[in-house]
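What follows draws every value from the coordinates through simple rules; no lab data is involved. None of these values were measured; they are calculated from a predicted model. With ideal geometry, Cβ positions are generated from the backbone for all residues, glycine too; neighbour counts draw on all protein chains shown.
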Amino acid sequence: MISVEKALEIILNNVTGLPEERVPVFEAAGRFLSEDIVAGENIPPVDNSAMDGYAVIAADTRDATADNPRELRITEEVRAGGSAQGIRAEAGLAVRIMTGAPVPAGADAVIQFEDTRERGNRLEIYRQVGEGENIRRAGEDVSRGSTVLHPGRRLGSAEMGLLASLNYGEVRVYRRPRVAVISTGDEVAEVGEPLQEGHIRNSNAYTLYG
């Protein structure tokens, strides 16, 4: 009799690595990665807003309170999926912005709707915001050129979502091994067979397969 550890060592010393294959990411659930995954782009791709609110210059909100609000003029709007091309935040101005929308040039903060009030095209600001507040920087989650997954990683929902975010439609994985389940014994009766005295159903095969 040998130990489990010794048996495992013997097995591992006598097996070879499985060949690789390329599969669509949609079919890669549960598979094991066989290549490094390097980010070819930033996530997020550009600076974007983490809140529904207004893109502003942080200095314009200095010392703002509910009793002593600062006032800016609303000039433009940037929606999620839209473009901030040609839009610029300047001193005294605010740009209405939605979550996920690109931050316009010149803006260095976003103040959320709840801390403001619109009056026509004028915006009252009731709280001071700091530079960078409520802005997700380009590459903040994943930066271009970084290795995000390594060979041997089991691909689940999180990894598949990441691959899609990085524009990977296919990925290299190790082929699935062929596995046989053998349940033996003179007393074993298969499902559907008459059960003779002293015999038991072959439940082990189903348990192991599952």
Footprinting exposure proxy for 16, 75 (fewest neighbouring C-beta atoms within 10 Å first): 16, 75
For the chain, size of Cβ-based charge dipole, Lys and Arg +1, Asp and Glu -1, in debye: 400 debye
For residue 76, residues with placed amide H under 5 Å, excluding near neighbours: 96
Relative intensity, log₁₀ I(q)/I(0), of the chain from a Debye sum that treats every alpha carbon as a point, q = 0.16, 0.18, 0.19 Å⁻¹: -1.03, -1.13, -1.18
FRET efficiency for residue 35 and residue 118, using Cβ-Cβ distance with R0 set to 45 Å, rounded to 0.05: 0.30
Estimated D of the stretch 1-123 in µm² per second, where Rh is the Kirkwood radius over Cα pairs and Stokes-Einstein applies at 37 °C, 0.692 mPa s: 174 µm²/s
Structure-based [θ]222 nm, the chain - -39500 (n - 2.57) summed over DSSP H runs of at least 4, per residue, nearest 500: -3500 deg cm²/dmol
Size of the stretch 1-53 as Cα extents on the principal axes (Å, biggest first): 70, 25, 19
Equivalent ellipsoid dimensions for the stretch 84-199 as semi-axes, Å, which come from the Cα gyration tensor, largest first: 62, 21, 11
Calculated from backbone phi, Karplus (6.51, -1.76, 1.60) coupling profile of the stretch 183-195 in Hz, x at Gly/Pro: 10, 10, x, 5, 8, 7, 10, 6, 4, x, 8, x, 8
Footprinting exposure proxy for 131, 20 (fewest neighbouring C-beta atoms within 10 Å first): 131, 20
Fraction of beta bridges assigned by DSSP in the chain that are antiparallel (%, nearest 5): 80 percent
Calculated from backbone phi, Karplus (6.51, -1.76, 1.60) coupling profile of the stretch 196-205 in Hz, x at Gly/Pro: 7, 4, x, 9, 10, 5, 7, 6, 4, 4
Given charges at Cβ of Lys, Arg, Asp, Glu: the chain dipole, positive-most of 15, 4, 39: 39
The stretch 48-98 pair-distance distribution - Cα-Cα, 5 Å bins, rounded %: 5, 20, 28, 25, 14, 6, 2, 0
